[in-house]
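First up is the structure itself, then whatever we jot down about it.
The values are calculated or read from the model by the stated rules, or taken from the named source; none is laboratory data. None of the values given here were measured: they were computed from a predicted structure. Every residue, glycine as well, gets a Cβ built from its backbone with ideal geometry; the counts of neighbours run over all protein chains shown.
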Amino acid sequence: MKSLDKSQNHDALWTTAILIMTALSMAGGVFWMSLRSRSILHFRADDRSASAIKPLAKTRQAHCQISNQQYRPNDQAVFMEFAEQPEVVATFKKTGLAASVRCADLTTSDREKGTSPILLLERIASEIVSQRKAGNQSAIVVTITLQAAEPGANQPNPRDYRRLKQAIERIVNERSAIAIIGVTGKLQNELQNQLQDSPNVQICPANSVAACVEQAFTQARKL
């Protein structure tokens, strides 16, 4: 009888172990499938106008570092700089847990006058269309450091909020979360008032860059 009891206990332990391993395996599979289905395409844009180089130096560095911490395997990123015109300067794909982006700050600024967030947002909206046509259906995160919206030659009025809201609407409609970081004073108040009804859009001071970027990624992964 003792031998039989030991055998039954042994079988019960093995059955329990197998059930636990199966449950963990299923949970792990669901977790990784969740990550794959909620991958992110991140547009990280930094103001490189002459007026922003020094004032936003620490903000840009934090912008890069916090974004790095948010990336998961299969996330992709498009890095942009802008002043009078936006420019794609690099791309990145998170291929493994150890992959990361080197955070080097800007060393030069645009010579031409003007800082146009409108042209930047319109360029991002166009880039998203191209990504969708190429089959990329990831949720979108757009994070932007912006010191000021300044008029320049051959640029739209930086306070043409109708045009700015149209660009933001195009982006948000593609399962996107947007964070604009670093603005102060009148521009900050105007953006908050104009965009208060836009879903998943944040206007954040420079000292809130970490919380702002983290929230944008959290919102997008739920879309």
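Here are the numbers for this structure:
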quantity	calculated
I203 being touching a Leu at 6+ places or on another chain (Cβ under 7 Å) and either surrounded by fewer than 21 Cβ atoms within 10 Å (Cβ to Cβ) or within 19 Å of D47 (Cα to Cα) (or both)	yes
Single condition Q202 does not satisfy, out of (1) assigned to a strand (DSSP E or B); (2) touching a residue at least 60 places away in the same chain (Cβ under 8 Å)	(2)
Among residues of segment 175-199, those that are over 12 Å from T145 (Cα atoms), assigned to a loop (DSSP other than H, G, I, E, B) and under 19 Å from the mean Cα position of the chain (by Cα), counted	4
Residue tally, condition of a type outside the set (G, A, S) and modelled with pLDDT of 95 or more, over segment 136-159	9
Only listed residue being under 23 Å from S39 (Cβ atoms) and among the charged types (D, E, K, R), chosen from K222, K113, K186, K165	K222
Flag for A17 being at pLDDT below 95 and either in a loop (DSSP other than H, G, I, E, B) or under 28 Å from E174 (Cβ atoms) (or both)	no
Breaking point among (1) in contact (Cβ under 8 Å) with a residue 12 or more places away in the chain; (2) touching a strand residue (DSSP E or B) at 6+ places or on another chain (Cβ under 7 Å); (3) not in a loop (DSSP other than H, G, I, E, B), for P158	(3)
Segment 171-187, residues that are closer than 17 Å to A216 by Cβ and either without any contact (Cβ under 8 Å) to a residue 60 or more places away in the chain or not assigned by TED's automatic domain parsing to the domain that holds C212 (or both)	I171, V172, N173, E174, R175, S176, A177, I178, A179, V183
